[in-house]
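Here the structure is laid out as structure tokens; the discussion comes afterwards.
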Amino acid sequence: MTKDVYIVDAVRTPVGRYGGALSGVRPDDLAAHVLRALLDRTPALDPARVDDVVLGNANGAGEENRDVARMAALLAGVPVTVPGVTVNRLCGSGMEAVIQAYRAVAVGDASVVLAGGVESMSRAPWVLPKPDRAFPAGHQELHSTTLGWRMVNPRMPAEWTVSLGEGAELVAEKHAIGREAQDAYALASHAKAAEAWATGAFDAEVVPVDGTGLDRDESVREDTSLAALARLRPVFREGGTVTAGNASPLNDGASALLITDEAGLRATGREPLARITASGVSGIEPQYFGLGPVEAARRALTRAGRTFADLSTLELNEAFAAQALGCLAEWPELDPAVVNPYGGAIALGHPLGSSGSRLAGTVAHQLAALGSGTGLATLCIGVGQGLALVLER
């Protein structure tokens, strides 16, 4: 018999723009900041009681190399006896970390776990592959590790390795989602995010990073308009519909959750935000990665004994407006009014390894504010996957 698993607290940094306010902060320091914040907000918990630190990270090629979870835990002042592991499911890495913590606690392998994710897309390095032979006479190519495919295996079918933006164009074609609908969706994301910040909806979860001067998400544009969005040119295809305005930006940020069983909960002396009741993962053709959440969400809800009609809130990561609208088109039974009530990644940002745990934490705080209900967090993943998590209170 498995144990009940609680989210006691969830925090995140404000999300920084590419080259923006957080670009001067190392990713291991961003991760250490949110881990330390969780412990500082739970003074009754002896940090030595933490059984593990699990962090997601999609890049791993720069300053977050050498197991960023372990490095961040040490930098946060967690006792050296507390181990740490880093997991990679690309955009779903932060949620994967939460799910692995959930499973460990559910089966009794752990009582208290810190789980989350981190990404600094600003500080992602260029990498140089080793040459095929020593002392090459010609020029060598550097590859950016910020986002997307690089050093692609030539055995991969070409249709699987299209750019993420081209994948969004394919979803738009599949569901006949036009430019106007995508721009309108993006505008609504910014409007909801601006309203959420104005009303203090994020106050309980955001912990600013000292010295950065950033106290709110940097990519939110409350002054944008349909006219401004319409002026942007398609980025990925001539005559296409996907633009910089209806896609998520490049970002920096970190997020973390305190996850416990009943005994660990008592040790915190706190009331939990929510319980984790189920998760789901699925695969799909890589070029249609944006529709990955469709089946993952269904699987998670089925395992929780819930349906879309039971949801009080649903956080769907907005990698692209076309991708989000494509998922909604395949969930006709879902009330769109419960989706991303505080805006989504188009406005709030998408620091890859942190986004999944950010979604989970936001749902937990929303359920706590509501007092009861069922919530779902889900996101698409490059190379064709989807991940979902069901929370209840």
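The values are calculated or read from the model by the stated rules, or taken from the named source; none is laboratory data. Every value quoted in this text rests on a predicted model; they were computed, and no experiment measured them. Because the Cβ atoms are built from the backbone with ideal geometry, glycine has one as well, and the counts that use them run over all protein chains shown. All accessible areas refer to the heavy atoms of the entire protein, side chains included, with ligands and DNA or RNA removed. Shrake-Rupley method; radii C 1.70, N 1.55, O 1.52, S 1.80 Å.
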message = I need to check one value: relative contact order of segment 223-323, counting alpha carbon pairs closer than 8 Å and at least 6 residues apart, in percent.
response = 26 percent
key: Isotropically averaged projected area of segment 272-319, using the convex hull of Cα atoms (one quarter of hull area), nm²   = 4.1 nm²
note = Among beta bridges assigned by DSSP with both residues in the chain, the antiparallel ones amount in percent, to the nearest 5, to 70 percent
Three principal axis lengths of segment 303-393 [C-alpha, angstrom, descending] = 33, 26, 23
query = Accessible area per residue of the chain at 1.4 Å probe, in Å²?
reply = 40 Å²
key: 5 Å binning of all Cα-Cα separations within segment 61-132, expressed as whole percents from 0 upward   = 3, 14, 21, 23, 18, 10, 6, 4, 2, 1
ask   = What is the sum of charges around Asn88, taking Lys and Arg as +1, Asp and Glu as -1, for the other residues whose C-beta is under 13 Å from the C-beta of Asn88?
value = -3
note = GNM on the chain, Cα springs under 10 Å; top mean-square fluctuation among Ile381, Ile177, Ile99 goes to Ile177
task = For segment 1-156, compute Rh as the Kirkwood radius over C-alpha pairs and then the Stokes-Einstein diffusion coefficient at 37 °C and 0.692 mPa s; write the answer in µm²/s, rounded to an integer.
result = 192 µm²/s
task = Quote the relative contact order of the chain in percent (integer), defining contacts as alpha-carbon pairs under 8 Å separated by 6+ residues.
result = 28 percent
note = Within segment 258-393, the percent of DSSP beta bridges that are antiparallel, given to the nearest 5, stands at 75 percent
ask   = If you build a Gaussian network model of the chain, linking Cα atoms that sit under 10 Å apart, which residue out of Arg216, Arg233, Arg70 swings the most?
value = Arg233
ask   = What number in nm² do you get for segment 150-211 if you take the convex hull of its Cα atoms and divide its surface by four?
value = 8.1 nm²
query = For segment 1-52, which semi-axes, largest first and in whole Å, follow from the square roots of 5 times the eigenvalues of its Cα gyration tensor?
reply = 28, 13, 10
message = For the ranges 77-86, 237-246, what's the packing order if you count other beta-carbon atoms within 10 Å of each residue, average per peptide, and put the highest first?
response = 237-246, 77-86
note = Restricting to Cα pairs under 8 Å and 6 or more apart, the percent relative contact order of segment 292-390 works out to 44 percent
query = Looking at the chain from every direction and averaging, what is the projected area of its Cα convex hull in nm²?
reply = 20.2 nm²
key: Inter-part distance where segment 157-187 and segment 23-57 are each reduced to a Cα centre, Å   = 36 Å
note = The percentage of the accessible area of the chain (probe 1.4 Å, all protein chains present) made up of carbon and sulfur atoms, to the nearest whole number, is 52 percent
query = If you add up the charges near Gly373, with Lys and Arg at +1 and Asp and Glu at -1, over every other residue whose beta carbon is less than 9 angstrom from its beta carbon, what do you get?
reply = -1
ask   = Simple spin-label model, 7 Å along Cα-to-Cβ: Arg303 to Ser23 in nm?
value = 3.9 nm
query = Between Arg66 and Arg133, how many nm apart are label points set 7 Å from Cα along the C-beta direction?
reply = 3.6 nm
